[in-house]
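Scroll down for the structure; my scribbles are underneath it.
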Amino acid sequence: ILFSHPADYTPVCTTELGMASKYKAQFDARNVKMIAISVDPLDSHKGWVKDINETQNCQVNFPIIADPDRKIAELYEMIHP
């Protein structure tokens, strides 16, 4: 599953990724790989993951792609015009 979010530290995205991380074992049991992407830089992702883990009482343990140049987002047409 590729999770796309518009920006790190947004309230809805924080709770959604927190909840997804809580279900990771169930996804793993079904051989489903989880990955997230946003156009924020890596340093932002690192701080945000720490925030998610603390505020959502979870452990985000799947990759989050940093795409600040928007190459991947544009490839998948994720950028709203």
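The values are calculated or read from the model by the stated rules, or taken from the named source; none is laboratory data. These numbers were taken from a predicted model, which means no experiment stands behind them. Don't worry about glycine lacking a Cβ; one is built from the backbone with ideal geometry, like all the others, and counts go over all protein chains shown.
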In this structure, does ILE35 turn out to be β-branched (Val, Ile, Thr), closer than 22 Å to GLU77 by Cα and either without any contact (Cβ under 8 Å) to a residue 60 or more places away in the chain or in contact with a strand residue (DSSP E or B) (Cβ under 6 Å, 6 or more places away or on another chain) (or both)? yes
With respect to SER38, determine if the residue is buried (at least 17 other Cβ atoms within 10 Å of the Cβ), on the phi < 0 side of the Ramachandran plot, touching a Pro at 6+ places or on another chain (Cβ under 9 Å) and among the hydroxyl-bearing types (Ser, Thr, Tyr). yes
How many of the residues making up the range 48-79 are surrounded by fewer than 16 Cβ atoms within 10 Å (Cβ to Cβ) and among the aromatic types (Phe, Trp, Tyr)? 1
Could you tell me which numbered condition ALA7 fails, if it satisfies all but one of (1) part of a loop (DSSP other than H, G, I, E, B); (2) touching a strand residue (DSSP E or B) at 6+ places or on another chain (Cβ under 6 Å)? (2)
Filter the range 28-50 for residues that are outside any loop (DSSP other than H, G, I, E, B), in contact with a helix residue (DSSP H, G or I) (Cβ under 9 Å, 6 or more places away or on another chain) and among the hydrophobic types (A, V, I, L, M, F, W, C); the one that is nearest to ILE1 (Cα to Cα) is ALA36
Quick check, is TYR9 at pLDDT 95 or above, out of contact with any Leu (no Cβ under 9 Å at 6 or more places or on another chain), surrounded by fewer than 18 Cβ atoms within 10 Å (Cβ to Cβ) and at positive phi? yes
Which one of these is at pLDDT below 95, surrounded by 12 or more Cβ atoms within 10 Å (Cβ to Cβ) and of a type in the set (Ser, Thr, Tyr): SER44, SER4? SER4
